[in-house]
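In what follows, a structure is listed as structure tokens, so that the remarks can point back to it.
Taken together, the values in this text are just the output of simple stated rules run on the coordinates, not laboratory data. Just so it is clear, the structure is predicted and the values come from calculations on it, not from any experiment. Virtual Cβ from ideal backbone geometry, glycine too; neighbours counted across all protein chains shown.
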Number of protein chains: 2
Amino acid sequence: MTMSEKPALPYYAVIFTSCRTDDDDGYAEMARQMVALGTSHPGCLGFESVNDGDQGISVSYWKDLDSINRWKQNADHMLAQKAGREKWYGRYTTRIAKVERHYSFEK
Amino acid sequence: MTMSEKPALPYYAVIFTSCRTDDDDGYAEMARQMVALGTSHPGCLGFESVNDGDQGISVSYWKDLDSINRWKQNADHMLAQKAGREKWYGRYTTRIAKVERHYSFEK
């Protein structure tokens, strides 16, 4: 899904906002792997991610809550979450939200 | 609201993902004004915004759908939206989503 695509409503968004530590060791490669793995996970509709070095917002889109729960429990993803807490993130918040309306603009 | 604060559930998130044009004229000042104005709008719980120059994700949090609708119709905000379509944004998507669960981590 690219950002201007709009799946059938309702669907779910996982909003992940984070502040990084100074430890960059392995972060970029793990982030790349998790986007690739997540995107191919059943029920995933797409990922969008922006970071400015210190802060990041990633939003992943999902067909339903079951798909989100399965992704949260994925073994590789759980290892990445653990490493994230130990090394890369000073803090983060995850919010699970049901998308009820959407509209887009394109030049 | 800072990113690690968690208002009473449920509340609403407006996820605004955008790609910028090359036209920066007036953008930073307008973005600053809209965050200040939006944050003080009745029902707004907070704003989070990250951009890397080309792409941006902004998430604002709201008490309810009525607050979001009133903010969308705010006169100054409507002028900013119009200027955004004419000058600053090549495309954007807005999604309105009900936050059902949230959790956070802090070192």
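Taking 0.36 nm per residue of sequence separation and subtracting the Cα-Cα distance, how much length would be gained by fully extending the chain between A:Glu100 and A:Phe47, in nm to one decimal?
Residue separation times 0.36 nm, minus the Cα-Cα distance, leaves 17.3 nm.
In the neighborhood of A:Ile57, defined by Cβ-to-Cβ distances under 9 Å, what is the net charge if each Lys or Arg adds +1 and each Asp or Glu adds -1?
-2
Give me the net charge of B:Thr17's neighbourhood, meaning all other residues with Cβ under 10 Å from the Cβ of B:Thr17; Lys, Arg count +1, Asp, Glu -1.
Net charge around B:Thr17: +1.
First select every other residue whose beta carbon is under 9 angstrom from the beta carbon of B:Lys98; then total the charges, Lys and Arg +1, Asp and Glu -1.
It works out to a net charge of -1.
What full-extension length gain, to one decimal in nm, is calculated for A:Gln55 and A:Arg70 as 0.36 nm per residue of separation minus the Cα-Cα distance?
2.8 nm
Run lengths n ≥ 4 of DSSP H only: what is the helix-derived mean residue ellipticity at 222 nm for chain B, with -39500 (n - 2.57) per run over all residues, to the nearest 500?
Numbers: 3 runs with 31 residues, N = 107.
Result for chain B: -8500 deg cm²/dmol, rounded to the nearest 500.
What area, in nm² and to one decimal, does the C-alpha convex hull of region B:11-99 cast on average over all directions?
So the mean shadow area of the Cα hull is 5.1 nm².
Can you list the lysines whose alpha carbon is less than 27 Å from that of B:Lys107, not counting same-chain residues fewer than 8 positions off?
A:Lys72, A:Lys82, A:Lys87, B:Lys6
Show the residues, 5+ positions off or on another chain, whose built amide H is closer than 5 Å to the amide H of B:Tyr11.
Answer set, sorted by chain and number: B:Val99.
What number does the protein assembly as shown give for Rg over Rh if you use C-alpha atoms and the Kirkwood radius? Spell out each step's value before the answer.
On the way: Rg = 16.8 Å, Rh = 17.8 Å.
My calculation puts Rg/Rh at 0.95.
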